[in-house]
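Notes for the one structure printed next.
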Amino acid sequence: MRLVIMADTHVPKRARDMPAVLWSAVDEADVVVHAGDWVHESLLDRLEARAARLVGVYGNNDGPSLRARLPEVAHVDLGGLRVAVVHETGPAQGRERRCAARFPDSDLLIFGHSHIPWDSTAPGGLRLLNPGSPTDRRRQPYATYLTAQIAGARLATVHLHRVPR
């Protein structure tokens with residue numbers, strides 16, 4: 001199962017649209033995961049139309065119309081892998097411990113908010129992934145998103161993609 005993982009797109013505030021390379025990845029994916037801060041419903045509509053399957057949550061910059069359509073936290077089974085998606089997880093220090101306590105029945109937690117790519121594993125085995133942002137790199141050297149493969153109920157690969165400037 002091929003995943004595309006993104007967050008903090010902030011369309012159209014930070015960018016007019018998502019990068020073409022990301023749209024191409026969306027078209028090839030079995031599942032698209034968006035961890036919040038869409039900013040406008042039009043991007044949700046477009047992703048729903050193009051993605052084979054979309055899993056999304058709202059973020060702190062998403063208004064009432066997006067919050068009416070998206071949950072704060074999503075829990076899904078993807079190929080036997082128990083996945084949770086949320087926008088905010090709090091400060092980096094202590095993140096693994098906090099998230100393992102908050103999501104004890106998950107194998108993978110996908111989150112956003114910081115615009116900083118993150119890949120770590122909590123002591124109990126929970127994998128935490130943040131794709132960064134494909135449109136607003138902030139203090140990061142590159143705008144980014146993730147692709148991943150699920151095979152045999154396990155996260156087989158994770159790849160961080162730099163968006164060309």
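Read-outs throughout are calculated quantities, based only on the coordinates presented, and are distinct from any laboratory measurement. Bear in mind that the values here come from a model prediction, so they are computed numbers and not experimental data. FYI the Cβ positions are ideal-geometry reconstructions off the backbone, even for glycines, and counts take in every protein chain you see.
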In deg cm²/dmol, rounded to 500, what helix-only [θ] at 222 nm does the chain give when every DSSP H run of at least 4 residues adds -39500 (n - 2.57) and the total is split over its residues?
-> -5500 deg cm²/dmol
For the chain, whose charge dipole is built from +1 on Lys and Arg Cβ atoms and -1 on Asp and Glu Cβ atoms, the candidate among Val11, Pro141, His161 with its Cα farthest towards the positive end is Pro141
Rounded to the nearest 20 Debye, what is the dipole magnitude of segment 2-163 about its Cα centre when Lys and Arg each give +1 and Asp and Glu each give -1 at the C-beta?
-> 400 debye
Glu88 paired with Met1, simple spin-label distance in nm, labels 7 Å along Cα-to-beta-carbon = 2.9 nm
Using a Förster distance of 35 angstrom, determine the FRET efficiency expected from the C-beta separation of Arg154 and Arg16, and round it to 0.05.
-> 0.40
Counting Lys and Arg as +1 and Asp and Glu as -1 over every other residue whose Cβ sits under 10 Å from the Cβ of Asp30, the net charge comes to +1
Hey, for a label at Glu72 modelled as a point 7 Å past Cα toward Cβ, could you say which residues of segment 80-98 have their backbone N under 15 Å away?
-> 85-90
per DSSP, antiparallel bridges as share of beta bridges in segment 2-163, % nearest 5, sits at 60 percent
Exposure proxy ranking, count of Cβ atoms within 10 Å, fewest first, for Met18, Met6, Met1 = Met1, Met18, Met6
So what's the net charge close to Leu129: Lys and Arg +1, Asp and Glu -1, counting the other residues with Cβ under 13 Å from its Cβ?
-> -1
